[in-house]
Amino acid sequence: MIRLLIIGTGSMARQHALAFRVLEGIEIVAAVEPHEDRLNAFCEEHDIPQKFTDLDDAIRWNGFDAATNVTPDVFHHPLTMRLIEAGKHVLCEKPLATTYPLALEMTEAAERRGVINMVNLTYRASPALDKARQIVLSGEIGEIRHFEASYLQSWLVSHYWGDWRSEDRWLWRLSTGHGSHGVVGDLGIHIIDFATYAAANDIIWMESRAKTFHKVDGDSINGYVLDANDSFAMSVELTNGALGVLHASRWATGYANTLRLDLFGSHGALQMTSDGRKSWLGKCTGTDIDTQTWREVQCAPVPSVYQRFVNAVQTGVNADPAFRRAMKIQRILDLCLEAGDRSHGGVRLD
């Protein structure tokens, strides 16, 4: 039985608790949270026996085998490094770190220590994404020549998920002073992983631009300076020479939470959408190319990242998405953040 420690008690930590609770071979034995009232409420809700307000105390206790780090982005590196030093297996929320050098340090440390290391890129549980990659690798649509990928949200426009003007859970995402890297850091890692995993190719060249839009007088609400980027656009080249565009925004009216991907190959094309709960895959191949006909592809369920983490700890064989995958994506995100609201001439990554 794997004994699991949960670090953090926010809304995403609740999702981790619920996801791990239904899996066989794992038991949630403890939680870490510096605020005692939140810690007590979280442990009571999820029937967690041990409580710690400091990770060092939990490590000295040593009654766990693995941990899931579900803290704000700025704490991913320091807390995960302490877990690695203690020889604990780690599932870390995305992004792996706030910068590429920190992500690289985490990756190399985990690999040296030989612990299971994975990042919670939740869209890897999309049946459409997994099936699309299989089709690409089979050669059915030929060589990828071009692609379009987007991650669209609209909570800066609508009240579908609440009012960002009055809720801390949204305001912090708009403020670099509160640890946010904006839409680049929050959504960028998902759409880059989503697109390149399906295309079975990595990015070797990119140029980008990110932008922060004026929202309220003074661009500040209750101490939150609203300076994090709201939208980004990126042009890239893949390993095989294919060109593509990736973009993400929180101003996409009509889209609550939608990932879209079109892959155009030399012998056909794939079209995919996902909202995190359900996904759809279509293809245009064979004689359908001449009639521009798209047909839905049936996709088998795939295990969640939570299940893959459990399997990896049980077998001792690291699974994807590993720290190294997230580290490579962080390099691209850093370059996008560095460019900010000005264009640059492009950067080679190989």
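Using the alpha-carbon centroid of each, what span in Å lies between region 204-239 and region 242-276?
Region 204-239 and region 242-276 have Cα centres separated by 19 Å.
Sort 285-295, 236-246 by packing, meaning the average of other beta carbons within 10 Å per residue, with the highest value first.
Order by mean packing, descending: 236-246, 285-295.
Largest first and in whole Å, what are the equivalent-ellipsoid semi-axes of the chain based on the Cα gyration tensor, each being the root of 5 times an eigenvalue?
Each semi-axis is √(5λ); the values are 33, 25, 19 Å.
Taking every DSSP beta bridge with both residues inside the chain, roughly what % is antiparallel (nearest 5)?
Antiparallel bridges: around 60 percent, rounded to the nearest 5.
For the chain, what relative contact order do you get, as a whole percent, if you take Cα pairs closer than 8 Å and at least 6 residues apart?
This gives 21 percent for the chain.
Taking the Cα centroid of region 29-83 and of region 312-336, what is the distance between the two, rounded to the nearest whole Å?
That distance is 22 Å.
Under 13 Å Cα to Cα from K131, which aspartates and glutamates show up? Leave out anything in the same chain fewer than 8 places away.
List returned: E140, E296.
Hey, any idea what the orientation-averaged projected area of the convex hull of region 1-51's Cα atoms comes to, in nm²?
3.0 nm²
If you wrap a convex hull around the Cα atoms of region 2-122, how much volume per residue is inside, in Å³?
Residue-normalised Cα hull volume stands at 93 Å³.
Given an 8 Å cut-off on Cα distances and at least 6 residues of separation, report the relative contact order of region 272-350 as a percent.
In percent, rounded to a whole number, it is 14.
With a/c under 1.5 counting as rounded, go ahead and sort region 235-340 into rounded, prolate or oblate using the C-alpha gyration tensor (a ≥ b ≥ c being the square roots of the eigenvalues; past the cut-off, prolate if a/b is larger than b/c, else oblate).
In terms of gyration-tensor shape, oblate.
Looking at the square roots a ≥ b ≥ c of the eigenvalues of the Cα gyration tensor of region 70-175, which shape do they give, rounded for a/c under 1.5, prolate if a/b is larger than b/c, or oblate?
Verdict is oblate for region 70-175.
Longer than 26 Å from Cα to Cα, which of K211/K328; K51/K328; K215/K278 are they? Say none if no pair is.
K51/K328; K215/K278
Restricting to region 2-122, what percent of DSSP beta bridges are antiparallel, rounded to 5?
Around 0 percent of the beta bridges assigned by DSSP in region 2-122 are antiparallel ones.
Values in this text are rule-based calculations from the coordinates and carry no lab data. Predicted model only: the values in this text are computed from it and were never measured. Glycine gets a Cβ as well: all are built from the backbone with ideal geometry, and neighbour counts include every protein chain shown.
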